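Here's the structure, in structure tokens; my notes come after.
The values are calculated or read from the model by the stated rules, or taken from the named source; none is laboratory data. This is a predicted model, so every value here is computed, not measured. FYI the Cβ positions are ideal-geometry reconstructions off the backbone, even for glycines, and counts take in every protein chain you see.
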């Protein structure tokens with residue numbers, strides 16, 4: 001199924017929703033996770049965050065106007081404008097001081113806060129910093145695929161990487177996690193010191209290792 005974005009080539013609706021979902025989950029990440037929202041009884045914020053994520057992605061990726069976004073997301077033009085003009089720094093300040101919010105403020109995620117949060121989440125996702133819960137899901141899924149496809153080194157690597165925070169800026173964390181593993185006959189600790197950083201996702205890690213193996217004529 002596709003949607004037509006005015007002035008741009010036809011865009012795949014699935015791609016749009018995938019990016020919005022990634023931004024939405026990163027927003028939850030920035031809020032401290034679902035457990036933190038439950039603790040503060042602010043789970044009612046999720047619909048507002050979802051709409052803000054859609055608005056930001058439609059603006060940044062597809063250059064949609066305020067009127068078009070309002071029609072797609074089901075908001076007023078004024079609400080969309082407030083989302084798009086929101087300040088990410090102010091949003092994060094409010095989130096970091098949630099315990100100071102009034103009971104009324106906790107019931108609803110304010111438009112400016114939702115917009116600022118979605119803006120920051122979008123920026124981080126575009127930089128490769130997806131939500132940790134999604135990264136761990138991808139790693140777990142990738143490990144299963146690697147096992148089925150008989151790629152033992154990939155399975156072993158992803159299994160050891162459970163719980164590691166991304167992005168990974170240098171080889172120290174990987175060398176510690178992968179100690180004792182051989183990749184095509186080479187100690188993993190040696191391999192990870194030769195690959196490029198930062199590593200932003202589990203897929204990046206496998207890609208860098210594969211490129212190293214290809215350079216060595218082992219892939």
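Observations on the model:
- Residue 121 being part of a loop (DSSP other than H, G, I, E, B), in the same structural domain as residue 24 (by TED's automatic domain parsing) and on the phi < 0 side of the Ramachandran plot: no
- Within segment 90-128, being buried (at least 18 other Cβ atoms within 10 Å of the Cβ), without any contact (Cβ under 8 Å) to a residue 40 or more places away in the chain and within 22 Å of residue 16 (Cβ to Cβ) holds for one residue alone: 116.
- Within segment 189-219, being outside any loop (DSSP other than H, G, I, E, B) and more than 25 Å from residue 133 (Cα to Cα) holds for 189, 190, 191, 211, 212, 213, 214, 215.
- If the condition is being over 21 Å from residue 128 (Cβ atoms) and in a helix (DSSP H, G or I), then segment 161-188 contributes 175, 176, 188.
- Residue within segment 13-22 that is part of a helix (DSSP H, G or I), farther than 24 Å from residue 82 by Cα, over 17 Å from the mean Cα position of the chain (by Cα) and at pLDDT below 90 present: yes
- Residues in segment 78-89 that are loosely packed, with under 14 Cβ neighbours inside 10 Å and touching a helix residue (DSSP H, G or I) at 6+ places or on another chain (Cβ under 8 Å): 85, 89.
- Consider segment 141-158 and keep the residues that are modelled with pLDDT under 80 and surrounded by 15 or more Cβ atoms within 10 Å (Cβ to Cβ). The one that is nearest to residue 202 (Cα to Cα) is 142.
- Only one of 33, 74, 7, 27 that is modelled with pLDDT under 90, assigned by TED's automatic domain parsing to the domain that holds residue 98 and under 19 Å from residue 132 (Cβ atoms): 33
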